[in-house]
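The values are calculated or read from the model by the stated rules, or taken from the named source; none is laboratory data. Being a predicted model, the structure only gives us computed values, none of them experimental. Quick reminder, even Gly has a Cβ in these numbers, built from the backbone with ideal geometry, and neighbours come from all protein chains shown.
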Amino acid sequence: MSAKFSNGQSPVDFDHRYMGPLYNDDHRAWRATLRKFVEAEMMPHVDEWEEAGEFPRELYKKAAEIGLLGLGYPEEYGGTPVDDPMYSIVTAEELARLGAGGVNASLMVHGIGLPPVLAIGSAALKARVAPQVLAGEKIHALGITEPSGGSDVANLKTRATRDGDGYIVNGSKIFITGGMRADYYTVAVRTGGPGPKGISLLLLERDMPGFTRTPLKKQGWWSSDTAALYFDDVRVPKENLIGEENNGFIGIMLNFNKERIGLAASAVAFARVCFEDALAWARDRETFGKRLADHQVIRHKFAEMARQIAATQAYLEQCVVRVKEGETPVADLSLLKVQATLTMEFCAREAMQIMGGAGYMRGCRVERIYREVRVNAIGGGSEEIMRDLAARQLGI
Amino acid sequence: MKVLVPVKRVVDYNVKIRVKSDQTGVDLANVKMSMNPFDEIAIEEAVRLKEAGKATEVVAVSIGVAQSTETIRTALAMGADRGILVKSDETVEPLNVAKILKGIVEAEKPDLVILGKQAIDDDSNQTGQMLAALLGWAQGTFASKIEFDGDKILLTREIDGGLQTLKLNMPTIVTADLRLNEPRYASLPNIMKAKKKPIDEKTPADYGVDVKARLEVLKVTEPPQRQAGIKVESVEQLVSKLKEAGVIG
Ligand SMILES: Cc1cc2nc3c(=O)[nH]c(=O)nc-3n(C[C@H](O)[C@H](O)[C@H](O)COP(=O)(O)OP(=O)(O)OC[C@H]3O[C@@H](n4cnc5c(N)ncnc54)[C@H](O)[C@@H]3O)c2cc1C
């Protein structure tokens, strides 16, 4: 089934919107698997997980079994190599239908933790870490942000000093996704002088003496275990150095472009969830003697949401085509992320407004998504930093 | 042992069906389609037989429009070995499906055919039974458990008031009920591997079957709207309302 417009149905929902030629049979098959998986293994429990502040660890194994954790990783480590960013769009969309970004953030946290190891790590390190992570047996987090700052990565302060056959690490990290339960942590440390050229990446392991963690409570993403990490004379063997000393900054930066496509795809998918839920509500609810969806003010809200979602989706797909053709359109990927989080913000607002009090109640997808807007707009490169990067790239 | 499993492409169970305004059928344009859930169960059972070393090959067959290859690919991703697409743009009625399947059985010579007990689109619940009759084979319908006893099949069916066990000679037709198993997910690595598995393309004519409809659909309409209920205040009122409705004496 190729490109066709909807048939009087919602132009922006997950199954009836315009699906261009970018989506092939394999994408559809993968979408169908994820749809079932999310509906059977996640949807029935998500409210409970959110209130409990965590989801069962077993979910990592289940996600590994269907190939979700291995998506895009080499076969030798148990992954399924797909050199096609369309898979990350399909995956982000289907996971977003859960309406609980925190589950996805922790479940898929290896997506930020593991790539630096695979990109610049030693063969021995890759062979030791990657198979366990992709099998869902070990959790792999990423620690960059510090209490003294996150956006200005090049100025991070956590120190690693040479000590015989390894390093001694002192410092702390904050807002670390998966930080409470992770087994492996890709941690950025300062091994050299100031600036980006003094940064290295080390693989820290859960049980290393002197490494402790505390949980953090958040506005949203409740089922994600976000933590502060403390390093107090933690001894790290030199085999755990990821890549070369003082060459860690590149390892951090390499993954950002790919990550941003995924973040943009999920932000616009969350916007679509908001649209869907609000539409179902407005078609059903009556006020002043007619359907809510028949009041012009409400109809215009939907039209406006649809416009922004469609524009963002088009931008996303355009960027994907360019990436598939081998380009790295940094300015556009940055602006795309901004576009996507603003669309999510707008739709969360409008959808909750349309749903009224019901939209403000817990257990409603829109209520949760509303509380997750800012983490999308701040994490993975804040809106300000994204615009700044784009402006520099554009030579403004 | 070779197992043949027919799989049908149907409107996804989550889709809200809409009747066409001219009342000739339901709207299928741009509607999400999936494998008939009972057929997923049938495939799962066949694949488990293969994993248990009992079956040597699992062949998935779909009869329908070209996009039915997607359905076959799902079966292949779940573990079937190869596929056969019998392409037809016409609606193929159960008897014609059974006739085509008979042709495939004669060509493929399977020892066991596992079908879904019915397809969730037209709920006919006829194909398996008709195929058994056309072939003159034993049949066990609505299976909730399949075991082997030497060269015979012990098949458990859920019937009113309990479980019935049939002992069937091979070759056999089995239709799968809901509780036979829980189908696995088609994992991403297996979706990729399925691309390399062969799918033969055939037409009904290859099996000498004319798919011309024998049934004429006069009209398709929405089910009647349910009347709103009322809330009763007390047991007395409940009893009197039930009497009024003639439900109790
Ligand atoms: C729930 C959650 C999970 C997270 N998970 C992780 C994780 O797993 N790993 C990890 O390393 N980090 C993680 N982070 C941290 C995240 O990456 C940082 O919060 C982000 O990079 C911003 O850093 P900061 O919070 O220190 O804000 P700051 O860098 O202090 O910035 C504060 C504000 O100032 C703006 N700003 C900063 N510099 C400029 C400038 N030059 N011009 C204009 N405006 C500027 C920013 O945009 C922001 O609005 C997570 C954060 C959250 C909220």
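Tabulated data for the structure shown
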| read-out | value |
| --- | --- |
| The listed residue being exposed (fewer than 14 other Cβ atoms within 10 Å of the Cβ) and modelled with pLDDT under 95, out of B:208, B:162 | B:162 |
| Members of segment A:151-170 that are in contact (Cβ under 8 Å) with a residue 40 or more places away in the chain and within 12 Å of the ligand (Cβ to nearest atom) | A:151, A:153, A:154, A:155, A:156, A:158 |
| Unmet requirement for residue B:41, which otherwise passes all of (1) within 14 Å of another protein chain (Cβ to nearest Cβ); (2) more than 19 Å from residue B:173 (Cβ to Cβ) | (2) |
| Matching entry among B:196, B:212 (being within 14 Å of chain A (Cβ to nearest Cβ) and either outside any strand (DSSP E or B) or within 30 Å of residue A:91 (Cβ to Cβ) (or both)) | B:196 |
| Selection within segment A:105-138 - within 30 Å of residue A:274 (Cα to Cα) and within 12 Å of the ligand (Cβ to nearest atom) | A:105, A:106, A:108, A:109, A:110, A:111, A:112, A:113 |
| Helices (runs of 4 or more DSSP H) completely within segment A:280-371 that count 2 or more residues being among the aliphatic types (A, V, I, L, M) and touching a Gly at 6+ places or on another chain (Cβ under 8 Å) | A:330-355 |
| Residue satisfying all of: in segment A:342-396; polar (S, T, N, Q) and more than 16 Å from the ligand (Cβ to nearest atom); surrounded by the fewest Cβ atoms within 10 Å (Cβ to Cβ) among these | A:353 |
| Residues that are surrounded by 19 or more Cβ atoms within 10 Å (Cβ to Cβ) and assigned to a helix (DSSP H, G or I), drawn from segment A:239-250 | A:240, A:248, A:249 |
| Residue check for residue A:102: of a type outside the set (A, V, I, L, M), farther than 21 Å from residue A:237 by Cα and modelled with pLDDT of 95 or more | yes |
| Cβ-Cβ under 6 Å pairs, at least 6 apart or on other chains, segment A:171-182 side β-branched (Val, Ile, Thr), far side near the ligand (Cβ under 7 Å from one of its atoms) and assigned to a strand (DSSP E or B) | A:176/A:141; A:176/A:143 |
| Considering residues of segment A:27-42 that are facing chain B (nearest Cβ under 7 Å) and in contact with a helix residue (DSSP H, G or I) (Cβ under 9 Å, 6 or more places away or on another chain) only, the residue surrounded by the most Cβ atoms within 10 Å (Cβ to Cβ) | A:30 |
| Sole exception among (1) within 20 Å of residue B:55 (Cβ to Cβ); (2) over 21 Å from the mean Cα position of the chain (by Cα) for residue B:235, by number | (1) |
| Residue pairs meeting the criteria (Cβ under 7 Å; at least 6 apart or on separate chains; first more than 14 Å from chain B (Cβ to nearest Cβ), in segment A:46-70; second of a type in the set (Phe, Trp, Tyr) and part of a helix (DSSP H, G or I)) | A:55/A:49 |
| Test result for residue B:98, more than 14 Å from chain A (Cβ to nearest Cβ) and either in a helix (DSSP H, G or I) or closer than 24 Å to residue B:181 by Cβ (or both) | yes |
| Residues located in segment B:44-83, provided they are surrounded by fewer than 24 Cβ atoms within 10 Å (Cβ to Cβ), more than 14 Å from chain A (Cβ to nearest Cβ) and assigned to a strand (DSSP E or B) | B:57, B:59, B:82 |
| Residue within segment A:178-191 that is within 16 Å of the ligand (Cβ to nearest atom) and among the aromatic types (Phe, Trp, Tyr) present | yes |
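Conditions tested, residue by residue: (1) more than 23 Å from residue A:59 (Cβ to Cβ); (2) outside any helix (DSSP H, G or I); (3) away from the ligand (no atom under 16 Å from the Cβ).
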| residue | (1), (2), (3) |
| --- | --- |
| A:208 | yes, yes, yes |
| A:221 | no, yes, no |
| A:224 | no, yes, no |
| A:252 | yes, no, no |
| A:266 | no, no, no |
